[in-house]
Amino acid sequence: MKTTEEFAKKTDREIIDGCWIPPFYRGKYQEALDSWPEEKLWVLEIYWEVCNFVPRYGMWPEHCEMLLRYTLQCRGDHLEIGTLWGGSAMAVSFVKSSSRIYCIDPCNKTDSFVGKTATEERVRENFAKLNLNIHLYVQKHPPMPSELADHRFDTCLIDGSHKAHAVQANWLDVKNRVDRYVIFHDIHMKGVRPIFDMACEDKDWKLTEALPRMGVVKRCTS
Ligand SMILES: C[S@@+](CC[C@H](N)C(=O)[O-])C[C@H]1O[C@@H](n2cnc3c(N)ncnc32)[C@H](O)[C@@H]1O
């Protein structure tokens, strides 16, 4: 196991303030790294592995930690809306090799932070190189791919379009298909926050945890 100091030395990449690669190594993120708890260093190991495979992983380490903590609590399948280069799906897949992970993304998004397009081929190549059990559906959500029409998931990450109407459409669909946790990324954004608040107020769901940019709701009815 590496120490936080060793992690701090490792980076040769930096894209600050959107979520990136690895954001915590330098400058203002050094503080976050310094206070990173030793018992969670395994998350940084995973984060670093993911960063080696993708041009950009759109989450900060603390978001990766939160995502892994909730998905690890559940044995069932995981759904991801918004995959980009595959970073968040790869992280979950590393820790949940016995569950199926389903990703929905129309692909071909030009990632302005790195000036490259996240093509379907590139995303599939990333998954295949690591032999990961991830199923990618190349389309927008909603609708749910017909193969998954009756599928139940334990967990879902909503990280697709951050426009309010799109996030709302994601939530209204997945809230009826997910049995444990729905995780919203980028809840600080004006398109996402009201829908996260709506989820927290839903009679079947309750707020479990929220960081400034990521929040989790839990189903409270069976
Ligand atoms: C913020 S990125 C996802 C980042 C990714 N979760 C990660 O950790 O690196 C947003 C992605 O959502 C996708 N997207 C946009 N609208 C969508 C929709 N309606 N359904 C599914 N994905 C969508 C975009 O193509 C883009 O790849």
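The values are calculated or read from the model by the stated rules, or taken from the named source; none is laboratory data. Keep in mind that what you see is a predicted model, and the values were worked out from it rather than measured. Methodologically, a virtual Cβ is constructed for each residue, glycine included, from the backbone with ideal geometry; neighbour enumeration extends over all protein chains shown.
Numbers below:
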quantity	calculated
Complete set of residues in segment 135-148 that are away from the ligand (no atom under 12 Å from the Cβ) and in contact (Cβ under 8 Å) with a residue 40 or more places away in the chain	Leu148
Odd one out for Asn131, checked against (1) at negative phi; (2) more than 11 Å from the ligand (Cβ to nearest atom)	(1)
Among the candidates Gly115, Gly76, residue that is away from the ligand (no atom under 12 Å from the Cβ), at positive phi and either assigned by TED's automatic domain parsing to the domain that holds Pro212 or in contact (Cβ under 8 Å) with a residue 60 or more places away in the chain (or both)	Gly115
For Ser93: the one exception among (1) within 11 Å of the ligand (Cβ to nearest atom); (2) not in a loop (DSSP other than H, G, I, E, B)	(1)
Selection status of Glu125, out of contact with any helix residue (DSSP H, G or I) (no Cβ under 6 Å at 6 or more places or on another chain) and modelled with pLDDT under 95	yes
Count of residues meeting criterion [in a helix (DSSP H, G or I) and either small (Gly, Ala, Ser) or more than 13 Å from the ligand (Cβ to nearest atom) (or both)] in segment 149-170	3
Any chance Tyr47 is within 13 Å of the ligand (Cβ to nearest atom), at negative phi and surrounded by 21 or more Cβ atoms within 10 Å (Cβ to Cβ)	yes
Matching residues in segment 43-73 - criterion: being closer than 21 Å to His135 by Cβ, in contact (Cβ under 8 Å) with a residue 60 or more places away in the chain and more than 14 Å from the chain's Cα centre (by Cα)	Phe53
Single condition Arg69 does not satisfy, out of (1) at pLDDT below 95; (2) within 16 Å of the ligand (Cβ to nearest atom)	(1)
Filter result (closer than 17 Å to Ile134 by Cα, of a type in the set (Val, Ile, Thr) and in contact with a Leu (Cβ under 8 Å, 6 or more places away or on another chain)) within segment 147-178	Thr155
Filtered residue count, segment 212-222, keeping only those that are over 10 Å from Tyr181 (Cβ atoms) and touching a helix residue (DSSP H, G or I) at 6+ places or on another chain (Cβ under 6 Å)	2
Single residue of Leu157, Leu148, Leu207, Leu211 found to be surrounded by fewer than 22 Cβ atoms within 10 Å (Cβ to Cβ), under 15 Å from the mean Cα position of the chain (by Cα) and in the same structural domain as Leu68 (by TED's automatic domain parsing)	Leu211
Flag if Asp105 is within 13 Å of the ligand (Cβ to nearest atom), among the charged types (D, E, K, R) and under 13 Å from the mean Cα position of the chain (by Cα)	yes
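Here's the yes/no breakdown for (1) away from the ligand (no atom under 12 Å from the Cβ); (2) surrounded by 15 or more Cβ atoms within 10 Å (Cβ to Cβ):
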{"site": "Gly58", "(1), (2)": "no, yes"}
{"site": "Leu84", "(1), (2)": "no, yes"}
{"site": "Ser88", "(1), (2)": "no, yes"}
{"site": "Thr110", "(1), (2)": "no, no"}
{"site": "Glu121", "(1), (2)": "yes, no"}
